[in-house]
1. Give the distance, in whole Å, between the Cα centre of segment 67-86 and the Cα centre of segment 13-52.
2. Can you give the relative contact order of the chain as a percent, counting alpha carbon pairs under 8 Å and 6+ residues apart?
3. Along the principal axes of its C-alpha atoms, what lengths does segment 237-357 span, in descending order and rounded to whole Å?
4. Please give the helix 361-382 orientation as an angle from the longest Cα principal axis of the chain, in degrees from 0 to 90, rounded to the nearest 10.
5. Dividing the alpha-carbon Rg of segment 14-105 by 2.2 N^0.38 Å yields what?
6. Rounded if a/c is under 1.5, else prolate if a/b beats b/c, else oblate: with a ≥ b ≥ c from the C-alpha gyration tensor eigenvalues square-rooted, which is segment 177-321?
7. Exposure proxy check: M152, M411, M318 ranked by fewest other beta carbons within 10 Å?
8. Below 8 Å, C-alpha to C-alpha, sequence gap of six or more: please give me the relative contact order for segment 237-357 in percent.
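Computed from the coordinates by the stated procedures, all read-outs in this text should not be read as laboratory data. Source: prediction; values computed, not measured. As a convention, Cβ positions derive from the backbone with ideal geometry for all residues, glycine included, and neighbour counts pool all protein chains shown.
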Amino acid sequence: MYQKKERNWILGLFILSLTYFLLFLRRPDILTNAQFWAEDGVIWYKNAYESGVLKSIFYPQNGYYQTISKIVGGLSIFTPIAYAPLLTNALGILIRAAVVWFFLSKRFDFLSLIPRVFVALYFVLMPYTDEVHANITNVHWFLALYSLMILMANKSESILWRSHDVIILFISSVSGPFSVFLLPCLALKYLSIEGLSNILNINKIIKFFKSSHHTIILIGAIIQIIAILTSSESSRSSAPLGADLLVLSNIISSRVVVSTLATENISLFFWDTPLLSVLTSFVFLSGVILVIKTRDWRPISLLLLSTLIVGFSLAKPMISLTEPQWPILRSYLADQRYFVLPHITIFTLIALLSFKACKSIYAKTAYIFIFSITIVFLIIKFFTITPLTDQHWKESARRFNIASPGDVVIMPITPPGWAIKITKKE
């Protein structure tokens with residue numbers, strides 16, 4: 001038994017390290033020339049430095065608490081400022097790598113290993129992640145997936161595993177509105193356990209929420225709902241949506257479905273071809289119906305979480321402060337964060353459900369061949385992520401270090417046009 005636990009520990013560490021290294025290789029400058037990304041510096045670092053870590057944590061930002069960003073921003077002020085972005089980026093990569101490690105752990109051994117490996121590879125190699133690659137501002141999108149995975153995973157009585165679950169769920173639940181979106185997933189899990197006949201059985205419901213996992217999500221959802229109701233309207237964009245059915249179809253076909261694997265030119269072709277856009281949207285909705293007909297709460301919950309995230313994002317987007325917002329999504333560079341989880345969901349459902357349908361050795365061989373070719377395509381077309389423009393952070397840090405207390409130092413960061421305006425303290 002000891003040797004088996006030791007092998008599991010070593011294998012897990014290897015998977016985590018390999019995933020971390022591959023994510024680093026996709027854009028090495030994330031660590032070799034670490035720079036703050038947008039809110040990482042302008043809000044999280046600046047607020048923690050000027051107002052103090054504890055004070056910055058208890059105020060919502062853009063309608064919800066972003067606790068993981070504030071915690072990491074708080075940690076970064078205890079390092080020399082020249083290395084603060086290195087810490088935030090390194091932790092951003094670690095959280096993404098942990099998702100892969102968890103999915104490939106024994107907690108998911110109810111799923112076949114082959115499709116899990118392909119899903120893990122897609123998670124590492126997926127396209128259009130320039131905006132979310134290893135920055136803390138956008139890490140809560142991955143934490144939402146991580147939280148759902150914990151709900152789906154085999155239960156473990158291990159103290160280490162239980163601690164892992166509680167920590168991830170707590171941080172995720174108070175970092176974004178996703179705990180609210182997880183409530184319907186919790187409802188599906190409850191119905192799968194207790195059945196429709198017990199939907200209003202108070203004793204069963206109380207028993208269900210005796211699980212710390214479920215309670216954390218419920219409390220987090222209440223906190224986030226209060227934050228959304230009391231602060232979101234004043235902090236989100238008031239620009240018109242520019243919404244209509246054709247644009248919605250274009251978003252579904254081009255940004256949700258096709259760009260899961262396709263190059264930008266192909267995605268744009270679907271956006272600019274109305275008939276193809278509508279047909280693709282219809283095929284996608286047909287696939288949704290097939291997933292629902294499985295009556296398996298896990299894939300349905302994954303689909304539901306993605307749908308709620310995209311729906312909320314399109315209802316209250318933060319794309320432009322002045323222009324109609326939906327049409328801007330034609331560009332694959334526009335707000336990639338909204339589509340990360342839908343892309344993972346589509347690939348995961350196809351990988352898992354198609355493998356389940358393979359009944360013969362020939363079918364499984366064809367499956368491995370097709371998905372292997374897909375992974376090779378992703379490596380060739382999308383592995384390298386364009387480095388960020390060098391804003392010379394080390395030079396800005398030097399100017400900050402030699403500034404006098406009370407001086408205001410302007411420090412350019414990425415993306416271009418962003419800058420931290422920070423007052424040097426005593």
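1. Rounded to whole Å, the Cα centres lie 9 Å apart.
2. 22
3. 47, 27, 22
4. Relative to the chain, helix 361-382 is tipped by roughly 20 degrees.
5. Its radius of gyration relative to the 2.2 N^0.38 Å reference: 1.16.
6. Oblate is the answer for segment 177-321, as a/c is 1.5 or above yet b/c matches or exceeds a/b.
7. Values: M152 19, M411 24, M318 16.
By the 10 Å Cβ count, ascending: M318, M152, M411.
8. 40
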